[in-house]
1. Using the Cα atoms of region 69-207, I'd like the radius of gyration and the largest Cα-Cα distance, Dmax, both in angstrom.
2. Sorted by accessible area with a 1.4 angstrom probe, largest first, how do Phe342, Phe193 fall?
3. Under the definition of Cα pairs under 8 Å and six or more residues apart, what whole-number percent is the relative contact order of the chain?
4. In what sequence, largest accessible area first, do Ser403, Ser230 appear using a 1.4 Å probe?
5. For volume of the Cα convex hull per residue in Å³, the choices are (i) 195; (ii) 157; (iii) 142; which was calculated from the structure?
6. If the limit is 22 Å between Cα atoms, which of Lys200/Lys396; Lys328/Lys348; Lys173/Lys396; Lys184/Lys249 go over it?
7. Cα centroids of region 140-204 and region 249-275: how far apart, whole angstrom?
8. Please arrange Asp3, Asp258 by accessible surface area, largest first, computed with a 1.4 Å probe and ligands excluded.
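The values are calculated or read from the model by the stated rules, or taken from the named source; none is laboratory data. What you see is a predicted model, and the numbers here were worked out from it, not measured in a lab. Please note: Cβ atoms are built from the backbone with ideal geometry, for glycine as well, and neighbour counts cover all protein chains shown. For accessibility, only protein heavy atoms count, side chains too; no ligands or nucleic acids. Shrake-Rupley method; radii C 1.70, N 1.55, O 1.52, S 1.80 Å.
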Amino acid sequence: GADTLLLIVAVLEVSEVQRLIEACREWGIEPLVEVHTEEELDIALACDAKVVGVNNRNLHTFKLDLETTARIARQSEEKCAKLGREPPMILALSGISGPEDVRMYSDAGVCGVLVGETLMRATDPAKEIQTLLAPAATKAQCLVKVCGVTEAEAAVAACQAGASLIGVIFAPKSPRCVDIAGAKAVVSAVRAFGEREQPKRPTVPAGDKGDASAATDWFGRGATALRAASRRTPLVVGVFQNQPAEEVKTLAEEAGVDVVQFHGNEDEETVAAVGMPAIRVLHIPSSDEESASASAVDALMAKIETMATAASSHASDGQSVAILLDTKVPGADSSGGTGAVFDWDLAKSIGETHDVPVIVAGGLSDANVGSALDAVGTDGLLGVDASSGLELDGGKPGQKDLSRVRAYVEAAITTAGGVAP
């Protein structure tokens with residue numbers, strides 16, 4: 001009762017491929033012939049394969065490259081045009097994890113996709129299939145950041161739970177500061193999880209702002225870039241605070257982080273000099289000090305507009321791509337990791353009223369992230385960020401409670417309307 005058979009060119013002799021294709025057709029079955037390289041495509045075409053599946057994963061090294069299918073599809077079109085024959089149907093195999101992948105392959109002329117691991121990991125496979133089949137209706141992704149990570153084990157646990165961003169802190173004043181060896185270990189673990197070997201840098205796409213403000217236009221596109229870059233493989237964010245640009249650049253490049261986060265009072269020249277996509281912090285007084293008054297919102301928007309104007313004039317590899325709001329406690333030696341929250345209505349106003357997506361930090365944990373998301377609303381929210389609220393009771397700073405990490409990520413994803421792994 002089988003509808004097709006899978007013939008893997010990489011494990012068959014050419015004569016076997018030919019013989020098996022002919023045998024399938026004798027039984028009224030059109031086989032799916034799997035290839036990964038141009039040489040394997042040549043064999044498939046020589047054997048008159050009519051349905052070709054392109055495995056994005058190299059079966060010898062197990063490395064994944066989502067560009068493989070589009071590349072083979074182009075080669076197939078070119079070769080078949082020279083041969084004067086109809087090109088085979090092309091299917092994408094391996095690594096399809098979201099509607100953006102489906103859209104990408106559809107735009108490349110691919111006829112279908114084979115999805116396995118994504119459905120096996122989904123808590124609701126039926127809902128996941130609907131998401132894959134209806135990419136235009138997909139809700140914007142809420143990024144979930146786990147910051148202050150000091151150990152590879154915690155980074156992997158966060159990634160497995162569905163975190164988008166893993167933060168490692170290089171600010172010397174922070175009790176969660178890591179040395180270069182510790183940072184490299186975290187980066188290596190995150191890259192291994194995401195099946196990549198190189199940094200992945202979000203680049204703000206071109207756009208026409210029309211009547212939108214500079215901040216709305218720029219950081220809207222920045223949110224798109226950050227979501228796209230972190231959708232399939234989590235990114236590592238290196239957090240710095242009022243450190244010289246050369247020091248930031250050296251540490252970030254040596255550790256291999258994907259994005260830098262400026263958590264102090266850095267100016268636009270520093271951002272440009274570092275030359276990497278950057279998350280910028282705005283420090284907000286704790287909720288018992290200042291409410292989300294119109295004047296407070298206006299003051300923040302003025303800063304955001306300045307950042308956006310500067311970012312749009314810089315080279316694409318040295319730009320602010322996102323705004324993060326964090327709590328500033330008077331008298332604290334460093335910003336961040338204070339465990340204090342600010343008035344979430346302020347984030348709601350910036351995100352929804354002024355249409356600038358923001359990442360909300362400050363005092364978040366597995367216990368209150370759902371409440372924060374409900375208060376801010378997901379329409380103007382780019383993501384959430386937690387650090388000290390995910391640590392072991394009585395443990396040292398940076399020592400994560402893995403159960404809290406998982407609970408926080410799951411709560412954030414499900415409250416935002418997504419599906420946790």
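1. Using the Cα atoms of region 69-207, the pair Rg, Dmax is 19.7, 68 Å.
2. Phe193, Phe342
3. 13
4. Ser403, Ser230
5. Recomputing volume of the Cα convex hull per residue in Å³ here picks out (ii).
6. Correct reply: Lys200/Lys396.
7. Spelled out, the Cα-based centre of one part sits 15 Å from the other.
8. Asp3, Asp258
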